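The values are calculated or read from the model by the stated rules, or taken from the named source; none is laboratory data. Not measured: the values here are computed from a predicted model. All Cβ positions, even for glycine, are placed from backbone atoms using ideal geometry, and neighbour counts span all protein chains on display. Side chains are part of the model used for accessible areas, which takes the heavy atoms of the whole protein and leaves out ligands, DNA and RNA. Shrake-Rupley method; radii C 1.70, N 1.55, O 1.52, S 1.80 Å.
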Amino acid sequence: MKTSKKYHSLSYQLGKHQSANRYLVYLYALKYLMILLLSATLFSCSSDDDNTNLEQDPLLGKWEVTSGVFIESQPKYLIFNTDNTISFLHETGLGFKANETVAYTVSGSEIKINVQGFFPFEFILEQNKLQIIDGANVLQLIKNNNAPSSENWVEELSILSKGNAPVSGEIDFAFSYDKTKIIYGMNDEATYIPLIDPVTFTEIGQIATTNIATAVEIEKFEDADRFLFQNNANSNEISVYKMDDGTYQFSLEVNNKISGMASVDPQYLWAASNEDEGSLNLINVADNTIDQTIPLGYYNVNGLDYQNGFLYIADGKYLHKCQTTPTFKTVATYEVSDFGIQGIAFDGFNFWVSGFDVMENSYKIIKTNLTP
């Protein structure tokens with residue numbers, strides 16, 4: 001009987017609240033429907049925002065240059081970034097890469113690009129084809145989502161340490177053979193070659209010279225009488241001294257003024273020479289002959305270093321890692337943010353660079369995270 005009463009009591013309660021339950025079901029169904037409608041609205045707004053983005057700036061993405069020039073240069077790729085900048089990815093015939101990123105704005109069929117000030121250009125966009133027009137010059141591009149990213153085109157190096165350079169100017173430098181001292185090139189005002197502590201960046205010694213040695217190099221030779229190579233600013237001559245006692249040995253010559261040097265071994269020395277046209281020259285030190293010349297045209301380079309079969313080349317902005325045999329080819333390009341790389345040296349573990357720090361408006365020596 002208790003069970004029956006309990007059952008009937010439960011039935012009564014259910015019957016009593018049946019209409020209320022139906023009302024709750026209705027409310028839940030209405031709430032669910034509202035959620036669906038709200039989600040659909042948000043999705044629609046998101047899609048509309050994306051479309052608005054593209055309508056406001058239809059150039060976003062990666063473009064490959066097929067022909068034409070842009071202000072007397074021909075980039076390989078243009079990347080229109082979401083932060084209103086364009087990355088111009090350049091590459092020379094020898095593979096030297098560059099990534100120049102500038103701001104831009106779009107209005108109608110006009111694009112204004114910040115090339116030392118915002119200058120207007122007309123553009124024509126037809127599906128996946130783009131033309132940027134500057135008078136008679138037309139840069140033709142095609143959309144290429146598989147184009148390299150700007151980060152992969154030029155790798156940015158980290159700064160491990162940084163100190164003031166002892167002198168200003170375009171300098172190529174070297175480490176002493178035991179890697180305890182930086183042998184720093186000099187400028188017109190210096191009367192000696194300073195030796196710098198790589199930890200404190202203070203001067204700890206001097207090498208007397210009568211040259212204006214804007215580029216210096218130590219011979220890769222396991223012996224006390226290894227050579228110290230010095231150029232003389234605006235000269236095509238390299239003076240060779242013994243490192244241990246500073247005695248003059250002989251001179252080497254190339255066609256143009258020397259801007260950087262890199263010892264390969266006791267027999268060979270790479271020298272960069274710049275004038276109106278630049279070149280890389282592999283000098284046979286033993287008989288003072290040039291065994292290989294790589295013409296650079298009007299592309300001038302500065303500091304050099306040679307490690308593990310690769311020639312590292314500073315061009316005033318970037319650092320290029322290059323193979324020299326069987327053919328010359330650039331295999332990687334690096335940069336230090338807001339820094340113009342003029343010289344390069346190796347401490348046994350890391351590469352160091354010298355040059356101009358744009359943010360600090362002064363010449364610096366930097367230890368980077370780059371290893372051979």
Among the numbered criteria (1) at positive phi; (2) charged (D, E, K, R); (3) at pLDDT below 95, which single criterion is violated by Glu189?
(1)
Are there any pairs, at least 6 apart or on different chains, whose C-beta atoms fall under 6 Å, with the first in segment 223-237 and touching a residue at least 60 places away in the same chain (Cβ under 8 Å) and over 17 Å from Thr209 (Cβ atoms) and the second surrounded by 18 or more Cβ atoms within 10 Å (Cβ to Cβ) and among the charged types (D, E, K, R), and if so, which?
none
What's the total number of residues in segment 83-100 that are more than 12 Å from the chain's Cα centre (by Cα) and under 17 Å from Cys322 (Cα atoms)?
5
Quick one: count up the residues across segment 324-372 that are outside any strand (DSSP E or B), in contact with a strand residue (DSSP E or B) (Cβ under 6 Å, 6 or more places away or on another chain) and of a type in the set (Asp, Glu).
1
Tally time: how many residues in segment 111-125 are open to solvent by 80 Å² or more (accessible area, probe 1.4 Å) and either aromatic (Phe, Trp, Tyr) or modelled with pLDDT under 95 (or both)?
3
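So that you can scan it fast, the table gives a plain yes or no per residue for (1) under 15 Å from Ala174 (Cβ atoms); (2) part of a loop (DSSP other than H, G, I, E, B):
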site	(1), (2)
Glu222	no, yes
Phe229	yes, no
Asn234	no, yes
Tyr241	yes, no
Gly246	no, yes
Ser251	no, no
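Anything in segment 208-238 that is among the polar types (S, T, N, Q) and open to solvent by less than 10 Å² (accessible area, probe 1.4 Å)? List them, or say none. Steps first, answer last, please.
The initial filter retains those residues of segment 208-238 that are among the polar types (S, T, N, Q), namely 209-211, 214, 230-232, 234-236.
Gln230, Asn231 - these are the residues of segment 208-238 that are among the polar types (S, T, N, Q) and open to solvent by less than 10 Å² (accessible area, probe 1.4 Å).
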Suppose we keep only residues that are at pLDDT below 95 and either at positive phi or not in a strand (DSSP E or B) (or both) within segment 253-264. Which one would you say is nearest to the chain's Cα centre (by Cα)?
Asn256
Please verify whether segment 303-323 includes one or more residues that are touching a Gly at 6+ places or on another chain (Cβ under 6 Å), outside any strand (DSSP E or B) and open to solvent by less than 10 Å² (accessible area, probe 1.4 Å).
yes
